[in-house]
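Remarks on the structure that follows.
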Amino acid sequence: METITKAVHDAVSAITGQDSNAQLVKKGDWVLLTGASGFVAAHCLTALLDAGYKVKCSVRSQEKADEIRKRRASHADKLDFVIVKDIVEPGAHDEAVKGVTAVVHTASPFTLDDKEDNRKYLLDPAIKGTVGVLESIVAHNPSIKRVVVTSSFAAMIDLSKGLRPGYTYSEADWNPITYDEAVKVKNGAAAYCASKKLAEKAAWDFVEERKPNFTVATICPPMVYGPLEHSARLDALNTSTADVYRLINGSCKTVPETSFYAWVDVRDVGVAHAAALNAPSDRYFITAGNFTYTQMCEIIARHFPQLVNSGMTPNPAGAPPPPEHYRVDNSRSRRVLGMSYRTLESCMIDLVNSLLKLKATEEGTHYEAAPVSVTDVRTGDEHRSHALPGTGLTGMGSAPKEWKETENLCDCKEGECKAGESSRKKCQGHMEGHSAPIVLNK
Ligand code: NDP
């Protein structure tokens, strides 16, 4: 994280010409994280804690607060909780915003199913939920400096233009749908995309019109995939994880047609939110690039061949080539936030392992994840350990033959671990749930 933080500071200095240490949000400050029980938010929480912030989590129930507290026992003194049952309620975040320096607003419904009432199920929670947080800040904590809003590629894509061969999406693009069209549209994906566009636009308009003390940065990821760090059940997976689970649970007999042709690893989305706390107020397209479901199935076939052989994963061999489609430009996020992106291969290995582990837990059996060698995507250095959620590392496939499972340490020297302090601790077995360590057999 230090490397990322420095890269962010250097980038900010280069662009603004100001002292990079003049941070809006400092280590040790409290940050409010809304929707903290969610898939993306869990990785925002990891990144915020890794970056040295304390985090006040807003969740819908005491049970959800207790689950997070249990999972993050080693960070107990850096966590606080507030119950917000429904972000649509006026003043829902009045208490939540007190005592914090910044807000990361992730809470919003993500579903692509058709809805009988787009306004009630999507538009109100997205738009009123976002504006409501901003209103609460103005009324109850005007000393807040920065609000990071989780928006989406959904706020950028123009669905009416189809796959747009030859076109490259960037932060300059806005989904053109209007509120009136969004209320009436009969397609669930279009209604969700509208909810994200209108919520993000409402945040920018709020700042423009009300001129509050805080500035806004928005994070726009496309489909977000990766290991689960939140409390999840297979029968109630978040939408993007369910998108992959159907590729390994036997429900797809052939490779389905790709819905959105861009993706990003959820761990990188978490890092981007933390970096945006001190970055210039702007829109950031957080994407690793294009992908197709065929590529996902090819990775599954390579690393989990049993899933293809048993018919749980559709055989990618012979799947039709994808149609020509749009490209994506992540250059601003690399340049300004210092982002570097994990590969689809490492993401899929960690996500599939995560899902198979969850399945085994629900069935009361044991699942041993295949060991992988890992490379720090920022330094390119190999770090010999397991790929672990939240480590900042990329899995590179099956372990080489000379590796053996022995003890609980990576082979980096103390203080020189390229993966960063928290990962080194994880390699030392300090992380809850750490299992099956692997080191190089020298
Ligand atoms: P999740 O469903 O896992 O998380 C959504 C979170 O929002 C949950 O904590 C949920 O609480 C909370 N929430 C939803 N509606 C309300 C409400 N009315 N009142 C209070 N809390 C509410 O989805 P993701 O983690 O995938 O999504 C998180 C954010 O990331 C969203 O803003 C989404 O649009 C955005 N995003 C996600 C992408 C993806 O591929 N996953 C892609 C691009 C953007 P609870 O669980 O208790 O209902």
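Brief remarks on what is shown
- Computed from the C-beta positions of Asn187 and Leu234 and an R0 of 30 Å, the FRET efficiency is 0.65 to the nearest 0.05.
- Distance from the range 124-183 to the range 236-278 (C-alpha centre basis), Å: 19
- If you sort Arg164, Arg119 by accessible surface, 1.4 Å probe, largest first, the order is Arg119, Arg164.
- Solvent-accessible surface (1.4 angstrom probe) belonging to Arg267, in square angstrom, nearest 10: 10
- With the biggest extent put first, the Cα atoms of the range 272-317 measure 49, 17, 13 Å across the principal axes.
- Links that overshoot a 28 Å alpha carbon limit, given the list Lys27/Lys98; Lys70/Lys98; Lys56/Lys359; Lys54/Lys85: Lys56/Lys359
- Once the Cβ-Cβ distance of Glu116 and Ser170 is raised to the sixth power relative to R0 = 41 Å, the FRET efficiency obtained is 0.70.
- Of the solvent-accessible surface of the range 94-182, computed with a 1.4 Å probe and all protein chains present, 52% belongs to carbon and sulfur.
- Rough spin-label spacing in nm, given labels placed 7 Å along Cα→Cβ, for Lys85 and Ala242: 2.5
The values are calculated or read from the model by the stated rules, or taken from the named source; none is laboratory data. Please read all numbers here as calculations on a predicted model, not as lab measurements. All Cβ positions, even for glycine, are placed from backbone atoms using ideal geometry, and neighbour counts span all protein chains on display. Heavy atoms of the whole protein, side chains included, go into the accessibility calculation; ligands, DNA and RNA do not. Shrake-Rupley method; radii C 1.70, N 1.55, O 1.52, S 1.80 Å.
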